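The structure appears below as structure tokens.
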Amino acid sequence: MENAYLQLDDLTVGYGREAVVSHICLALRRGEIASLVGPNGSGKSTILKTLTRRIPALSGKMLLAGADIASLPGRRLAEKMASVLTDRVTPALTTCFDIVSAGRYPYTGGFGLLTARDREVVNACLAMVNAASIADRDFASVSDGQRQRVLLARALAQEPEIVVLDEPTSFLDIRHKLDLLEILRGLARDRGVTVLMSLHELDLASKISDLVACVGQGQVLACGKPEEILTDDRVRALYGLERGSYNALLGSVELPRPAGEPRVFVLGGGGRGIRHYRALQKAGVPFAAGVLPENDLDMAVALPLAQRVIVCPATGPVPPAALDDAKALMDRTDAVLDGGFISEINAALLRYARESGKQVVTDASELTEVTL
Amino acid sequence: MAAPVTTRRARAARYTAVFVGLGVLFVLAVFWNIHTGSVDISVREIWRILLHKSEVRREIELGTAGASTVSAYNIIWKIRLKRVLLAAVLGGALALSGFLLQTFFRNPIAGPFVLGISSGARMFLAIVTVALSATVTRVPLWITVAASFFGSMLTMLFALAFGRRTRNMSMLLVIGIMLSYICSAVTDFLINFADEADIVNLTHWSMGSFSGGSWQEVGVSALIVLPTALAVFLLSKPLSAYALGEGYAQSVGLDVRRFRLALIALSSVLSACVTAFAGPVSFVGIAVPHICRILLRSEKPILMVPASFLCGAVFCMVCDLVARTVFSPTELAVGTVTSAIGAPIVIWLMISRRREQKE
């Protein structure tokens, strides 16, 4: 790719002589965010370790703005590239300010004393990650989320052009994950910092990244825009999901569907069905869903979880065939679950259920007697 | 528990106070050591004998000096001054090597004695003594120094090979204790086959003491320790980067492999030098850096290195004073005193660390 800031060219990484990931090709422009996704042990960290020169590359090239990373002097590289690692940092008696000022290492003099400008940068970096208020706190006493932000500030204090992060969101709760990724997005957007990281959360990867690379089976299986790369089938293959499923649209995984003949018919629509589908899945009750317009929100979860889904066109009247199908299916189930979505067809089906003496419930928890 | 928040100014004041305090204690300890003993010498006399040495000497030569001045002159210049200086130099070296080993092993109870380095030195000294007993009556100083130096280095390498992979304090302790058991077994084995007369040197050495050194020894140890300590101080910046872990140190541009070698070399030189000149002096390497951490409330090497050196010097001077005066005329081994103070600190460290982990 032209104008690539970071370019990995036929790179093979591993330990000793054993290759973990081979023939990696990746090109990132300035200000882009790229995520490496893949199962545990697939070699994401190995790639990042090689890039940050903790272990030597087995073969291939790594270029940073055209310069060979392997031959850059350590200090020059540190001025361009900073990392947030998974290493546990447990210094005693060290304030968050001290941790961040460690990032000034490439710029300070022989004794590492901070100049007024160094202090300014450190304070600015702390502010950038919303950690200015904990600057004087002992690093060992702050929470996981704060700690990760302080470590990011430490990386930023190097005033890098690219930040490499190894699973920065592990151990963080949802809110802190979002905080961290938002900070990264801002960095990329406002300062043109390039970001390369490994991520476990596919949904987050697809939301934050300009580029996603799937690492698995000893190679980069696919690399490109997240919406093109993180398709249902590819994610299933990448993680070896044989029983569960992944939904690219929602960016979430579903557990495997319960096996057997449908025993409950769920009347859904408008997203009302989703929680009932999941409840039935948890209880291990096979079920049918319908009648859902093909563009309904419920479809994304009904398809992977329900034994059968009865679908109708998104516009126009419901075809009589669909209604008949639904009634026939309902005849074979023990109960009907009313999801609470009011529509003409749901009303008709509910009436049919009552007339034919089916148990009608509004929540899966009421079903126990039937299912047991 | 919320961590106390201190401002930069308050911290600077604390650092200044610690260094001024240590400086004052250093001077006091030197004077006190020279002053106290079987014969007490007045401060005025000490002052005169130290600062106007040639004048006093001329008086003695001319026979105009009083008898007490003559004996004070001899006590100061032939016994106490070199002893207190040796204690200061080697005490500083011990504390500093402890601090370096703790940084390297990321373990607050690493130290030359705990890692079995002293026992290794003793073993080598025993081997050399027994081997040479047939040819020489008294093993020359330089061979004693070389043997314990070599023994220290070798044990250090073993400790490194086994202890590098563990961050667990108890495990490191076990490794060190096992190493010293092995070395002691070899030493005892050799002693069984040696003549009493041959091993007098060894027995004396094993006690750990700052006494009996010549001015030459003081000079040589200062020549080794002071430049090494200066080198450590000049490495304060990479030391602080290294404290965050090798990954982060490397990511800010430190050549970790080379630095690691430098760290091992410097701490080995320091602990080997102490072991060679004073024998096994235990626990100073752990106790002193820990005291400094508490005083400074900081782990910054640029503060810790000079503070540890100063504090180690003061600590050993005071312990030596205790060793030779408390049960006078019987003199204790200085290692006895340092252990009595240092071992409880190690126990306390382990207990408080365990409590931290539980919280």
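If you check A:A155 against the conditions, is it within 14 Å of chain B (Cβ to nearest Cβ), closer than 30 Å to A:H23 by Cα and in a helix (DSSP H, G or I)? Can you show your working first?
Numbers: within 14 Å of chain B (Cβ to nearest Cβ): yes; closer than 30 Å to A:H23 by Cα: yes; in a helix (DSSP H, G or I): yes.
Yes, satisfied.
Being open to solvent by 60 Å² or more (accessible area, probe 1.4 Å), under 14 Å from the mean Cα position of the chain (by Cα) and under 24 Å from A:P304 (Cβ atoms), is that true of even one residue in segment A:179-195? So that I can check it myself, show each step before the final result.
Let us first name the residues in segment A:179-195 that are open to solvent by 60 Å² or more (accessible area, probe 1.4 Å), namely A:182, A:185, A:189-191.
Now restrict to residues that are under 14 Å from the mean Cα position of the chain (by Cα): A:182.
In the following step, the residues that additionally are under 24 Å from A:P304 (Cβ atoms) were identified as none.
Checked against the condition, which is being open to solvent by 60 Å² or more (accessible area, probe 1.4 Å), under 14 Å from the mean Cα position of the chain (by Cα) and under 24 Å from A:P304 (Cβ atoms), segment A:179-195 yields no hits at all.
Got a number for residues in segment B:232-261 being among the β-branched types (V, I, T) and touching a Leu at 6+ places or on another chain (Cβ under 6 Å)? Before you say what the answer is, go through the steps one by one.
We begin by selecting, within segment B:232-261, every residue among the β-branched types (V, I, T); these are B:232, B:252, B:256.
In the following step, the residues that additionally are touching a Leu at 6+ places or on another chain (Cβ under 6 Å) were identified as B:232.
Result for segment B:232-261: 1.
Kindly indicate whether B:F104 is free of Cβ contacts under 8 Å to residues at least 60 places away in the same chain and not in a loop (DSSP other than H, G, I, E, B).
Details: free of Cβ contacts under 8 Å to residues at least 60 places away in the same chain: no; not in a loop (DSSP other than H, G, I, E, B): yes.
Criteria not met by B:F104.
I'd like to know if segment B:274-292 contains one or more residues that are among the hydrophobic types (A, V, I, L, M, F, W, C), under 27 Å from B:R8 (Cα atoms) and open to solvent by 20 Å² or more (accessible area, probe 1.4 Å).
So far as segment B:274-292 goes, yes, one or more of its residues are among the hydrophobic types (A, V, I, L, M, F, W, C), under 27 Å from B:R8 (Cα atoms) and open to solvent by 20 Å² or more (accessible area, probe 1.4 Å).
Testing B:V18 on (1) open to solvent by 60 Å² or more (accessible area, probe 1.4 Å); (2) farther than 19 Å from B:S214 by Cβ; (3) under 25 Å from the mean Cα position of the chain (by Cα), one condition comes back false. Which one is that?
(1)
May I ask you to say which residue of B:V337, B:V281, B:V305 is touching a residue at least 60 places away in the same chain (Cβ under 8 Å) and either part of a loop (DSSP other than H, G, I, E, B) or away from chain A (no Cβ under 13 Å) (or both)? Outline the logic, then answer.
On the way: B:V337 fails: touching a residue at least 60 places away in the same chain (Cβ under 8 Å); B:V305 fails: either part of a loop (DSSP other than H, G, I, E, B) or away from chain A (no Cβ under 13 Å) (or both).
Every option except B:V281 fails the conditions.
Quick one: which helices (runs of 4 or more DSSP H) sit completely within segment A:163-244 and have at least 1 residues that are assigned by TED's automatic domain parsing to the domain that holds A:K80 and within 13 Å of A:L36 (Cβ to Cβ)? Outline the logic, then answer.
Working: elements: A:174-191, A:202-208, A:226-229, A:232-239.
Correct list: A:202-208, A:226-229, A:232-239.
When you scan segment A:106-122, how many residues do you find that are of a type outside the set (A, V, I, L, M, F, W, C), open to solvent by 40 Å² or more (accessible area, probe 1.4 Å) and within 12 Å of another protein chain (Cβ to nearest Cβ)? Full working, then the answer.
So in segment A:106-122, the residues of a type outside the set (A, V, I, L, M, F, W, C) come out as A:106-110, A:112, A:115, A:117-120.
Cutting the leftovers down to open to solvent by 40 Å² or more (accessible area, probe 1.4 Å) gives us A:107, A:109-110, A:115, A:117, A:119-120.
Among the residues that remain, those that are also within 12 Å of another protein chain (Cβ to nearest Cβ) are: A:107, A:109-110, A:119.
Selection size over segment A:106-122: 4.
Matching residues to (1) on the phi < 0 side of the Ramachandran plot; (2) open to solvent by less than 40 Å² (accessible area, probe 1.4 Å); (3) at the interface with chain B (Cβ under 9 Å from one of its Cβ atoms):
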{"position": "A:N130", "(1), (2), (3)": "no, no, no"}
{"position": "A:S133", "(1), (2), (3)": "yes, no, no"}
{"position": "A:D144", "(1), (2), (3)": "yes, no, no"}
{"position": "A:R147", "(1), (2), (3)": "yes, no, no"}
{"position": "A:L151", "(1), (2), (3)": "yes, yes, yes"}
{"position": "A:L165", "(1), (2), (3)": "yes, yes, no"}
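Given the conditions (1) open to solvent by 50 Å² or more (accessible area, probe 1.4 Å); (2) out of contact with any Pro (no Cβ under 9 Å at 6 or more places or on another chain); (3) outside any helix (DSSP H, G or I), and given that B:F113 satisfies all but one, which numbered condition is not satisfied?
(2)
Right, B:R9: surrounded by fewer than 12 Cβ atoms within 10 Å (Cβ to Cβ) and basic (K, R) or not? Steps first, please.
Numbers: surrounded by fewer than 12 Cβ atoms within 10 Å (Cβ to Cβ): yes; basic (K, R): yes.
For B:R9, the condition - surrounded by fewer than 12 Cβ atoms within 10 Å (Cβ to Cβ) and basic (K, R) - is met.
If you check every pair at least six apart or on different chains, which have Cβ atoms under 9 Å apart with a residue in segment A:10-23 that is under 12 Å from A:I55 (Cα atoms) first and a residue that is basic (K, R) second?
Pairs found: A:V13/A:K49.
Might you let me know whether segment B:33-42 holds any residue that is open to solvent by 60 Å² or more (accessible area, probe 1.4 Å) and assigned to a helix (DSSP H, G or I)?
The answer is no; no qualifying residue exists.
Please specify each residue of segment A:207-217 satisfying the condition of being open to solvent by 40 Å² or more (accessible area, probe 1.4 Å) and more than 14 Å from A:Y239 (Cβ to Cβ).
First, the residues of segment A:207-217 that are open to solvent by 40 Å² or more (accessible area, probe 1.4 Å): A:207, A:210, A:217.
The answer is A:K207, A:D210.
Would a scan of segment A:18-31 turn up a residue that is away from chain B (no Cβ under 14 Å), open to solvent by 40 Å² or more (accessible area, probe 1.4 Å), small (G, A, S) and within 25 Å of B:D255 (Cβ to Cβ)?
Within segment A:18-31, the subset away from chain B (no Cβ under 14 Å) is A:18-31.
Next, only the ones that are open to solvent by 40 Å² or more (accessible area, probe 1.4 Å) stay: A:18-20, A:23, A:25, A:29-30.
The next check asks that each one be small (G, A, S); those that pass are A:19.
Then drop every residue that is not within 25 Å of B:D255 (Cβ to Cβ), which leaves none.
The answer is no, given that none of the residues of segment A:18-31 is away from chain B (no Cβ under 14 Å), open to solvent by 40 Å² or more (accessible area, probe 1.4 Å), small (G, A, S) and within 25 Å of B:D255 (Cβ to Cβ).
Tell me, yes or no, whether segment A:98-105 has at least one residue that is more than 10 Å from every other protein chain (Cβ to nearest Cβ) and in contact with a strand residue (DSSP E or B) (Cβ under 7 Å, 6 or more places away or on another chain).
Taking segment A:98-105 as the starting set, the residues that turn out to be more than 10 Å from every other protein chain (Cβ to nearest Cβ) are A:100.
Still in the list and also in contact with a strand residue (DSSP E or B) (Cβ under 7 Å, 6 or more places away or on another chain): none.
Taking every residue of segment A:98-105 in turn, none turns out to be more than 10 Å from every other protein chain (Cβ to nearest Cβ) and in contact with a strand residue (DSSP E or B) (Cβ under 7 Å, 6 or more places away or on another chain).
Tell me whether segment B:309-326 contains one or more residues that are under 28 Å from B:L173 (Cα atoms) and within 13 Å of chain A (Cβ to nearest Cβ).
The answer is no; no qualifying residue exists.
Does B:R260 count as within 24 Å of A:F139 (Cβ to Cβ), open to solvent by 30 Å² or more (accessible area, probe 1.4 Å), at pLDDT below 90 and more than 11 Å from chain A (Cβ to nearest Cβ)?
Values: within 24 Å of A:F139 (Cβ to Cβ): yes; open to solvent by 30 Å² or more (accessible area, probe 1.4 Å): yes; at pLDDT below 90: yes; more than 11 Å from chain A (Cβ to nearest Cβ): yes.
So B:R260 fits the description; yes.
Got a number for residues in segment A:109-156 being charged (D, E, K, R) and closer than 18 Å to A:E167 by Cβ?
Residues meeting the conditions: 4.
Got a sec? Which of A:D10, A:D68 is surrounded by fewer than 20 Cβ atoms within 10 Å (Cβ to Cβ), out of contact with any helix residue (DSSP H, G or I) (no Cβ under 6 Å at 6 or more places or on another chain), closer than 28 Å to A:D190 by Cα and assigned by TED's automatic domain parsing to the domain that holds A:T108? Let's see the steps before the verdict.
Details: A:D10 fails: closer than 28 Å to A:D190 by Cα.
After applying the criteria, what remains is A:D68.
How many of the residues making up segment A:225-240 are in contact with a Cys (Cβ under 7 Å, 6 or more places away or on another chain) and either of a type in the set (V, I, T) or modelled with pLDDT under 80 (or both)?
To start, the set of residues in segment A:225-240 that are in contact with a Cys (Cβ under 7 Å, 6 or more places away or on another chain) comprises A:229, A:234, A:238.
With either of a type in the set (V, I, T) or modelled with pLDDT under 80 (or both) added as a condition, the list becomes A:229.
Qualifying residue count, segment A:225-240: 1.
Conditions: (1) among the basic types (K, R); (2) modelled with pLDDT under 85; (3) within 23 Å of B:M317 (Cβ to Cβ). B:R8 meets all but one. Number of the miss?
Among (1) among the basic types (K, R); (2) modelled with pLDDT under 85; (3) within 23 Å of B:M317 (Cβ to Cβ), the lone unmet condition for B:R8 is (3).
Since A:V318 meets every condition but one in (1) assigned to a helix (DSSP H, G or I); (2) over 33 Å from the mean Cα position of the chain (by Cα), which condition does it not meet?
A:V318 satisfies all of (1) assigned to a helix (DSSP H, G or I); (2) over 33 Å from the mean Cα position of the chain (by Cα) except (1).
Hey, among the residues in segment A:79-96 that are of a type outside the set (S, T, Y) and open to solvent by 30 Å² or more (accessible area, probe 1.4 Å), which one's farthest from the other protein chains (Cβ to nearest Cβ)? Spell out how you get there, then give the answer.
Initial filter on segment A:79-96 (of a type outside the set (S, T, Y)): A:79-82, A:84-85, A:87-89, A:91-93, A:96.
Those still in the list that are open to solvent by 30 Å² or more (accessible area, probe 1.4 Å) too: A:79-80, A:87-88, A:92-93.
Numbers: A:E79: 8, A:K80: 10, A:D87: 4, A:R88: 8, A:A92: 6, A:L93: 5 Å.
Within segment A:79-96, the match that is farthest from the other protein chains (Cβ to nearest Cβ) is A:K80.
The values are calculated or read from the model by the stated rules, or taken from the named source; none is laboratory data. Keep in mind it's a predicted model, so treat the numbers as computed, not measured. Positions of Cβ are backbone-derived with ideal geometry, glycine not excepted, and every protein chain shown enters the neighbour counts. We work out accessible area using only protein heavy atoms, side chains counted, and drop any ligands, DNA or RNA first. Shrake-Rupley method; radii C 1.70, N 1.55, O 1.52, S 1.80 Å.
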